[in-house]
């Protein structure tokens, strides 16, 4: 058994792929640095991230896959569910071993089926985030929106909001993963919050930091929501299907709680990950 570990980054995972081919030792499990080997007889090998090796793997995939299937590899990384590293490795190995193009349409392969299913899940979650994100304006003019998606779709929705709100400073903050995307009218930066208080980690904004008219805007939106609602056509089952309860906490029309924000500190942005279109 060969147990490969990496630093948790997308580039690091691609480096694992390169290293496995270089060593000709296929992993039976891939995990993040610090995870315990799956058994006492497993051979543990930590792979440090190397940008040049990751880039070669990524560009090689781009030559053999359609654009959608190529992007799905990155989406599978953002999926974050147990076993996603091995799913990606199995799919990548299948791609590189195939002498023909269009391997992503060979649904007789279980990893191809799974990758397609993951792509659909990520698309659905991305679409919901684009629809359900609600901003609140602070006194310093920053629009903040907390989110808690099931999957790590924040990198996928950035382009949508960068185009839609190009004239505003905004921060979309993932309270589950404790990082956000900050737009400064020029570009989007991946950020973390220094010493974020418990209230922020729970996705709340305190009323003291909000602009004085923010409660009025929220009341207007709630009034509009109530006005367009037709009680006679109420379909709770359909409503929950399109707007699951797990998203209600951050929806103005569902009366979300207030939250707080802290100073922003830049983090390094992945260098080879593509900017996916909205």
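The values are calculated or read from the model by the stated rules, or taken from the named source; none is laboratory data. Just so it is clear, the model here is predicted, and its values are computed rather than measured. Here Cβ is always computed from backbone atoms with ideal geometry, including for glycine, and neighbour counts include all displayed protein chains.
Sub-6 Å Cβ pairs linking a first residue in the stretch 243-255 that is over 15 Å from residue 203 (Cα atoms) and in the same structural domain as residue 150 (by TED's automatic domain parsing) to a second residue that is modelled with pLDDT under 70 and assigned to a helix (DSSP H, G or I), at least 6 apart or interchain, are 253/222; 253/225, ordered by first then second residue. So, in the stretch 124-139, of the ones that are out of contact with any strand residue (DSSP E or B) (no Cβ under 9 Å at 6 or more places or on another chain) and touching a residue at least 24 places away in the same chain (Cβ under 8 Å), which residue ends up surrounded by the most Cβ atoms within 10 Å (Cβ to Cβ)? It comes out as 126.
For the stretch 87-108, the criterion of being under 17 Å from the mean Cα position of the chain (by Cα) and over 26 Å from residue 241 (Cα atoms) is met by at least one residue. Summed over the stretch 142-157, the residues that are free of Cβ contacts under 8 Å to residues at least 60 places away in the same chain and either over 17 Å from the mean Cα position of the chain (by Cα) or farther than 18 Å from residue 249 by Cβ (or both) give a count of 1.
Check the stretch 86-101 and report whether any residue there is closer than 23 Å to residue 153 by Cα, in contact with a helix residue (DSSP H, G or I) (Cβ under 9 Å, 6 or more places away or on another chain) and not in a helix (DSSP H, G or I). Within the stretch 86-101, not a single residue is closer than 23 Å to residue 153 by Cα, in contact with a helix residue (DSSP H, G or I) (Cβ under 9 Å, 6 or more places away or on another chain) and not in a helix (DSSP H, G or I). Out of 80, 85, 59, 71, one residue alone is touching a residue at least 60 places away in the same chain (Cβ under 8 Å) and surrounded by fewer than 15 Cβ atoms within 10 Å (Cβ to Cβ). It is 80. Checked against (1) under 30 Å from residue 243 (Cβ atoms); (2) surrounded by fewer than 16 Cβ atoms within 10 Å (Cβ to Cβ); (3) in contact with a strand residue (DSSP E or B) (Cβ under 6 Å, 6 or more places away or on another chain), residue 113 passes all but condition (3). Would you mind stating whether residue 162 is surrounded by 16 or more Cβ atoms within 10 Å (Cβ to Cβ), in contact (Cβ under 8 Å) with a residue 24 or more places away in the chain and farther than 13 Å from residue 247 by Cβ? Here the answer is yes, as residue 162 does meet what is asked.
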